[in-house]
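Peer 1: One structure is given below, represented as structure tokens, and several questions about it will come after.
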Amino acid sequence: MMIEFLRRNLWASAFLFLIRLYLGYTWISAGLGKISGGSFDATGFLNGALAKATGERPIVQGWWASFLEHVALPNAGLFSIMVQWGEILVGAGLLLGVLTKTAAFFGIVMNMSFLLSGTISSSPIMIILSMFVLVAHTNAGRIGLDYYLLSKLRSKSDRDRSPHSSAASSA
């Protein structure tokens, strides 16, 4: 019942719009802050996460620390670019309501990466809110560019399926 409400109700789309604005603003401001600073480097964050994988009560799991040590840290420059632009793209997608589900999914992926690295911050709240966007399916983008893109795709699909288009293509 709750899922159907999120997927079909007009009021739910307004609620989801507000969630998208909050999430989008949070992501895009974080990404722009990193880019405008001009010197964002993920190396410090990665080393901090690795430090949290040792000791009597490690916060970071060994398998994740191994990934950070052997994949992320040697490619810290690439990961720095991916974080900055990932935050901006996720934020823009959510703010504009374009590729909304994709943006929400990759926002969850980034938040989970931060959580797995031992950083709590606003990640749990953002994951929960992003899950509402994902569950809502297309209703989450009803107030946004997804609505217009999907209507264009539907009308093109309807034209392609019409009997006149198949007759014209066989002539």
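The values are calculated or read from the model by the stated rules, or taken from the named source; none is laboratory data. The structure displayed is predicted, hence computed values, not measured ones. Neighbour counts are summed over all protein chains in view; Cβ atoms, including those assigned to glycine, are modelled from backbone coordinates with ideal geometry. For the accessible areas, the whole protein counts, side chains as well, though only heavy atoms, and no ligand, DNA or RNA atoms are used. Shrake-Rupley method; radii C 1.70, N 1.55, O 1.52, S 1.80 Å.
Peer 1: Please go through the range 54-86 and pick out each residue that is in a loop (DSSP other than H, G, I, E, B) and open to solvent by less than 70 Å² (accessible area, probe 1.4 Å).
Peer 2: Applying the first criterion (in a loop (DSSP other than H, G, I, E, B)) to the range 54-86 yields 54-61.
Within the range 54-86, 55, 58, 60 qualify.
Peer 1: When you scan the range 1-53 for helices (runs of 4 or more DSSP H) that lie fully inside it, which ones turn up with 1 or more residues that are surrounded by 13 or more Cβ atoms within 10 Å (Cβ to Cβ) and basic (Lys, Arg)? Reasoning before the result, please.
Peer 2: Numbers: elements: 2-8, 10-37, 43-51.
Because the criterion is at least 1 residues that are surrounded by 13 or more Cβ atoms within 10 Å (Cβ to Cβ) and basic (Lys, Arg), the helices (runs of 4 or more DSSP H) in the range 1-53 that meet it are 2-8, 10-37.
Peer 1: Go through 93, 55, 77 for me and flag whichever is within 18 Å of residue 142 (Cβ to Cβ) and of a type outside the set (D, E, K, R). Break it down stepwise before answering.
Peer 2: Working: 55 fails: within 18 Å of residue 142 (Cβ to Cβ); 77 fails: within 18 Å of residue 142 (Cβ to Cβ).
Being within 18 Å of residue 142 (Cβ to Cβ) and of a type outside the set (D, E, K, R) holds for just one of 93, 55, 77, which is 93.
Peer 1: Report the residue count in the range 105-160 for those that are open to solvent by 20 Å² or more (accessible area, probe 1.4 Å), in a helix (DSSP H, G or I) and among the small types (Gly, Ala, Ser).
Peer 2: Count: 4.
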